[in-house]
Amino acid sequence: MDKSWFDVQKKTAGVGNKELADAIGRDRSIVSRILKGEVRFDLDYADPFARVLGVDAAEILLRAGAPIDVVPPSNARAVAFEGASLENPAGNLPVWGTGLGAAREIDGEAIEQTDLNTGEVLEYVKRPSILKGKQGAYGLHVQGSSMHPALPDGEMVAACRDMPLAVGDNVVVYLRMSNDDDDGAVARAVLIKELVRRSASFLELRQYEPKMDFRIPMSSVLRIDRILTRREMLM
């Protein structure tokens, strides 16, 4: 990430991190971390950044350290999976069933949840190359508008159990059930949110509609799976 170049372009265009954040529907603090190289640069940020800074999207990708040859055509759907089928040729990715769940009350606020059924495979889709050999990978459809525009309602995403987590990642948080034998392999409520902070005692998450940060105790969390970025889906 060439932060000094971005600083020059912001000064030339007369804009700051707020304008970049508004363009991608993220918080200004996340843009600051992106430009410092602390948070992954998503492929979808290139066009909005280019519009705000008045430069070419290819230059944005180059300065952000992204390979130019992964840029999709302007009419492409970056997260569209190919080869959807009810059959499961070796290596394909299962897409689990989801539905909009009952809201979970946290600090007096209703937080949107997703019902995830790991026993219901809707289809099998082509596995992104970055997930080859990973047993804990799966696809799901986003339900509801709480993560719009980062994760729109109905968008198919891929998640994986055994990938490192970083602040700014979108994640699937499995909430612990009362059953002591709970291993995550049942129908359950999950939270699909952005990771803000993780400590030994709590997990801090962010949603966008309505915009708010909230915490849940780690004792309520069974596991956290990372959602792949659009760039990773194309690799």
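A few comments on the model shown:
- Mean separation of Cα contacts under 8 Å (6+ apart) over length of the range 3-70, as relative contact order %: 29
- Simple label model, 7 Å out from Cα along Cβ direction - Glu105 to Met177, nm: 2.3
- For the range 93-234, a Kirkwood hydrodynamic radius built from all Cα pairs, placed in the Stokes-Einstein relation at 37 °C and 0.692 mPa s, yields a translational diffusion coefficient of 215 µm²/s.
- Two-decimal log10 I(q)/I(0) for the range 3-70, as the Debye equation yields it once each C-alpha is a single scatterer, q = 0.14, 0.20, 0.23 Å⁻¹: -0.34, -0.73, -1.00
- Here r is the Cβ-Cβ distance between Lys11 and Ser199 and R0 is 30 Å; the resulting FRET efficiency, rounded to 0.05, is 0.25.
- Sequence-distant contacts, meaning Cα pairs under 8 Å at least 6 residues apart, place the relative contact order of the range 93-234 at 25 percent.
- Within straight-line cross-link reach of Lys36, lysines at Cα separation under 29 Å, skipping those fewer than 8 residues along the same chain: Lys3, Lys10, Lys11, Lys18, Lys193, Lys211
Computed from the coordinates by the stated procedures, all read-outs in this text should not be read as laboratory data. Only a predicted model underlies this, so the values are computations on that prediction, with no experimental measurement involved. Cβ coordinates were reconstructed from backbone atoms using ideal geometry, including for glycine residues, and neighbour counts include every protein chain displayed.
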